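A.B. asks: If you scroll down you'll find the structure; I have some questions about it.
Since every read-out is calculated from the coordinates, none of them should be taken as a lab result. Only a predicted model underlies this, so the values are computations on that prediction, with no experimental measurement involved. We place every Cβ from the backbone using ideal geometry, glycine too, and count neighbours over all the protein chains shown.
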Amino acid sequence: MESVRGMLGGGPCGLWSLLPQEASEHQFSMKFCLRISSVLAAALLLVPSLNACTACFGKTDEALAQGMNAGIYVMLVFVVAAWVLFGSFFVFIARRSKRVNAEAETGESPSVR
């Protein structure tokens, strides 16, 4: 097993040998990424205008609220269409199975329609 690991170049599946050492010098450190994400999370939590939308303030007649409602309706249409297509596939399979079974009982060759 050790000879296989030696052939792979170390690391999981030899990935460390594929990555050059210079790449680690130009990447962000985990501490830096953690600091940036902490600052962004604090900004989202502390600034109330970033959290609120027109629905939260009760102004449902504004253009932003109408756009949000239109987006909800569009997503609803896509979900309903996906469910209808999913259900129609099983109706197709059931009808086809019934037709093939009927043709097998009569001895005819199954026709493709």
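A.B. asks: What shape does region 57-113 take by its C-alpha gyration tensor, where a ≥ b ≥ c are the square roots of the eigenvalues and a/c under 1.5 counts as rounded, a/b above b/c as prolate, and the rest as oblate?
C.D. replies: Because a/c hits 1.5 or more and a/b exceeds b/c, region 57-113 counts as prolate.
A.B. asks: Where does the charge balance sit around Ser88 when Lys and Arg score +1, Asp and Glu -1, over other residues with C-beta under 13 Å from its C-beta?
C.D. replies: +2
A.B. asks: At a Förster distance of 35 Å, what's the computed FRET efficiency of Ala42 paired with Val80, Cβ-Cβ distance as r, to 0.05?
C.D. replies: That gives a FRET efficiency of 0.30.
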